[in-house]
Amino acid sequence: MGGACGRFGSRLLAALVFAVLAGPVGAPPSLAQGNAAREVVDFDNPYGQGAIVIKTSERRLYYTISNKQAVRYPIAVGSPENQWYGTSYVSSMREDPSWRPTLSMRRKNPRLPTYVAPGPENPLGVRAIYLAWTAYRIHGTNAPNSIGQAVSSGCFRMQNEHVIELYERVHIGAPVYVEH
């Protein structure tokens with residue numbers, strides 16, 4: 001009964017276990033080792049309470065809750081050619097956002113639709129936090145396996161449950177610091 005199916009099943013199981021332990025391709029070691037949960041951490045905070053600090057090299061977003069602590073979330077960041085750094089602020093927020101790819105995104109990939117309505121196919125997920133630079137946002141995702149990777153067009157992706165929590169905490173005007 002073990003035959004080819006048994007050998008195939010064992011190899012498949014071994015490959016799946018390896019893939020889970022290895023984590024996403026290209027992820028920093030802390031994400032690759034399965035440490036991808038939201039957590040409250042010590043954080044030396046010169047930004048003040050209520051700031052969002054994104055560290056692209058860590059692929060983490062920090063929401064400061066005091067001068068000494070922050071909530072840390074795993075995120076996906078821009079691909080190397082689409083990463084940016086600087087200071088912005090939260091300009092607006094949307095529940096169940098629709099998505100319109102930018103012209104540059106559509107030039108790179110003409111198969112992209114011009115509009116995606118809210119719902120499970122929407123790449124912005126269940127919430128979008130728009131930054132003052134209107135092409136960029138912090139948002140949920142319909143591709144949760146992308147968290148921990150550098151794959152976006154410059155936006156910051158979060159697990160949907162994490163972006164819901166951040167959406168409830170953050171306010172319009174909150175500062176956003178994007179660091180390497």
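The values are calculated or read from the model by the stated rules, or taken from the named source; none is laboratory data. Please read all numbers here as calculations on a predicted model, not as lab measurements. Ideal geometry is used to build each Cβ from the backbone, glycine not excepted, and the neighbour counts take in all protein chains shown.
Among the residues of region 59-87 satisfying the criterion of being more than 22 Å from Gln149 (Cβ to Cβ) and in contact with a Pro (Cβ under 9 Å, 6 or more places away or on another chain), which is modelled with the highest pLDDT? Here the residue is Thr87.
Residues considered: Leu103, Leu124, Leu131. Of these, the only one that is hydrophobic (A, V, I, L, M, F, W, C) and in contact with a Phe, Trp or Tyr (Cβ under 6 Å, 6 or more places away or on another chain) is Leu124.
Within region 93-126, the set of residues being at positive phi and of a type in the set (D, E, K, R) comprises just one member, Asp96. Across region 113-133, the qualifying residues are those that are assigned to a strand (DSSP E or B) and among the hydrophobic types (A, V, I, L, M, F, W, C), and the one among them that is surrounded by the most Cβ atoms within 10 Å (Cβ to Cβ) is Ile129.
Residue selection: Val176 fails the criterion of being surrounded by 13 or more Cβ atoms within 10 Å (Cβ to Cβ), under 14 Å from the mean Cα position of the chain (by Cα) and modelled with pLDDT of 95 or more. In a residue-by-residue description of region 145-157, the property of being at pLDDT 95 or above, touching a Phe, Trp or Tyr at 6+ places or on another chain (Cβ under 9 Å) and more than 16 Å from Thr56 (Cα to Cα) applies to no position.
Among the residues of region 134-159, those identified as of a type in the set (A, V, I, L, M) and either closer than 16 Å to Ile52 by Cα or surrounded by fewer than 21 Cβ atoms within 10 Å (Cβ to Cβ) (or both) are Ala135, Ile138, Ala143, Ala150, Val151, Met158. Which of the numbered conditions does Arg137 fail, given that it passes all the others? Conditions: (1) without any contact (Cβ under 8 Å) to a residue 40 or more places away in the chain; (2) within 11 Å of the chain's Cα centre (by Cα); (3) farther than 16 Å from Gln83 by Cβ. Here Arg137 clears every test but (3).
Suppose we keep only residues that are surrounded by fewer than 20 Cβ atoms within 10 Å (Cβ to Cβ) and touching a helix residue (DSSP H, G or I) at 6+ places or on another chain (Cβ under 9 Å) within region 46-61. Which one would you say is farthest from Ile75 (Cα to Cα)? Ranking the qualifying residues of region 46-61, first place goes to Gly50.
Condition check ((1) surrounded by 15 or more Cβ atoms within 10 Å (Cβ to Cβ); (2) in a loop (DSSP other than H, G, I, E, B); (3) among the charged types (D, E, K, R); (4) in contact with a strand residue (DSSP E or B) (Cβ under 8 Å, 6 or more places away or on another chain)) across all residues:
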{"site": "Asp44", "(1), (2), (3), (4)": "no, yes, yes, no"}
{"site": "Tyr63", "(1), (2), (3), (4)": "yes, no, no, yes"}
{"site": "Ala70", "(1), (2), (3), (4)": "yes, no, no, yes"}
{"site": "Val77", "(1), (2), (3), (4)": "yes, no, no, yes"}
{"site": "Pro97", "(1), (2), (3), (4)": "yes, yes, no, yes"}
{"site": "Arg111", "(1), (2), (3), (4)": "no, yes, yes, no"}
{"site": "Glu161", "(1), (2), (3), (4)": "no, no, yes, no"}
